[in-house]
Amino acid sequence: MSDSDLNAETSFPTLNPSERILLGPGPSGVAPRVLEAMAKPTLGHLDPEYLAMMDNLREMLRQVFRTRNPLTLAVSGTGSAGMEACVANLIEPGDAMLVCVSGVFGTRMRDVAERCGAEVRAIEVLWGETIQAEQVAAALAAHPETKVVGIVHAETSTGAHQPLEEISRLVHEAGALLLVDAVTSLGGVDVRVDDWQIDACYSGTQKCLSCPPGLSPVTFSPRAWEKIESRSSKVQSWYLDMTMIGRYWSNERTYHHTAPINMSYGLYEALRIVLEEGLDARIERHRHHHEMLKAGLEAMGLTYIPERSLTTLNAVRVPEGVDDARVRSRLLAEYGIEIGAGLGPFKGQAWRVGLMGHSSSRRNIALFLAALENLLVDEGLSFDRGAAQAAASAAATKS
Ligand SMILES: *Cc1c(COP(=O)(O)O)cnc(C)c1O
């Protein structure tokens, strides 16, 4: 059979993606330095130059996670692969796991845990709320056999910022391990793996680290590693088995699967940018810009959904009478700005505005507020034009 029999198209358009301003729940904007790093020559995954880069990559990940954990690395795959890696390695079939559910990602963690054969119990709160320490204490008292407690630090579906320290104390008093989703916090909101005694933590590259999606930084405490090493059954996932992947990242360098070489270059450069700025300065920048955006949005009459908002993700209610989808599609088509829609119970009700990493800038706030103001006026809302910019500027000098 020849190509002509298939009537096959042989000419396809060149790839020409538009320059967007990415203010959604991820991916965030990527610095040119990161994209340039990804275009460098591909090395073999056992090339000494590549292995030297991996060692530095791992040291940078430890600094960003604020940990000394030996088992710290980047899993091949997006944040969900990191979630699956943490759960699959810590859970053996029949283990009791408590999952804290306050939105999409807690729900997903529960699903992953069930698939790994855990006896799952969940604490559920209304979307937009955070889990209370007393709820965890009660659940652990009712189920002292609990081995792992999973919780989302930054629930991207609701914009809520979950406090962890008190919960961590309770989990360890009960002899369990604490597993934390830090996908939308790492590199933008304070995450202290060692100080907070987090036993397993995963993140993603395309949120506050501002690297394209494709890798998932993870770290496991010595306590978690003990649990993994003493398993009586094999890790349910071959691809995500830390006992094997850890050997490739250790001095043994045993081949497991081919590392995503150029993705690692991207993460390497993105982490260099994070550490050049300084973690504390970066967290402060996210806070400062969040205060500016919040002041601007509130000046236009918008209201925040969560009581404790993240600085990296702003979830606000779509104003009464405004067409959610029309505003978002006009933002993209006319201004090149992407924001996120509501998920689950917030479908059609919420906008999720991310200010993550490279995207968290004063310039983006000014552009977004101006664009949104124009669109909301077209939607028939009335408010003082210019009030949003004025409020954001005032917040800039105040905070
Ligand atoms: C984005 C996100 C994930 C999933 O990451 P993917 O990169 O989409 O696989 C998990 N948890 C949270 C909190 C997220 O925001």
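The values are calculated or read from the model by the stated rules, or taken from the named source; none is laboratory data. The structure presented is a predicted model; accordingly, all values stated were derived computationally and were not measured. Counting neighbours? That spans all protein chains shown, and the Cβs are built from the backbone with ideal geometry, glycine included. Side chains are part of the model used for accessible areas, which takes the heavy atoms of the whole protein and leaves out ligands, DNA and RNA. Shrake-Rupley method; radii C 1.70, N 1.55, O 1.52, S 1.80 Å.
For the structure I just gave you, tell me whether residue 272 is charged (D, E, K, R) and on the phi < 0 side of the Ramachandran plot. Against the criterion (charged (D, E, K, R) and on the phi < 0 side of the Ramachandran plot), residue 272 qualifies. The one condition from (1) open to solvent by less than 30 Å² (accessible area, probe 1.4 Å); (2) out of contact with any Ser or Thr (no Cβ under 9 Å at 6 or more places or on another chain) that residue 338 does not meet is (1).
When 148, 136, 152 are checked against the criterion of being modelled with pLDDT of 95 or more, within 11 Å of the ligand (Cβ to nearest atom) and surrounded by 22 or more Cβ atoms within 10 Å (Cβ to Cβ), a single residue qualifies: 152.
Restricting region 75-96 to residues that are part of a loop (DSSP other than H, G, I, E, B) and of a type in the set (D, E, K, R), the residue that is nearest to the ligand (Cβ to nearest atom) is 95. Would you check if residue 56 is in the same structural domain as residue 215 (by TED's automatic domain parsing), polar (S, T, N, Q), in contact (Cβ under 8 Å) with a residue 40 or more places away in the chain and surrounded by 22 or more Cβ atoms within 10 Å (Cβ to Cβ)? In short, no.
Out of the residues in region 9-33 that are outside any loop (DSSP other than H, G, I, E, B) and away from the ligand (no atom under 16 Å from the Cβ), state the one that is nearest to residue 274 (Cα to Cα). Among those that are outside any loop (DSSP other than H, G, I, E, B) and away from the ligand (no atom under 16 Å from the Cβ), it is 33.
The set of residues in region 177-223 that are away from the ligand (no atom under 14 Å from the Cβ) and within 22 Å of residue 288 (Cβ to Cβ) comprises 190, 192.
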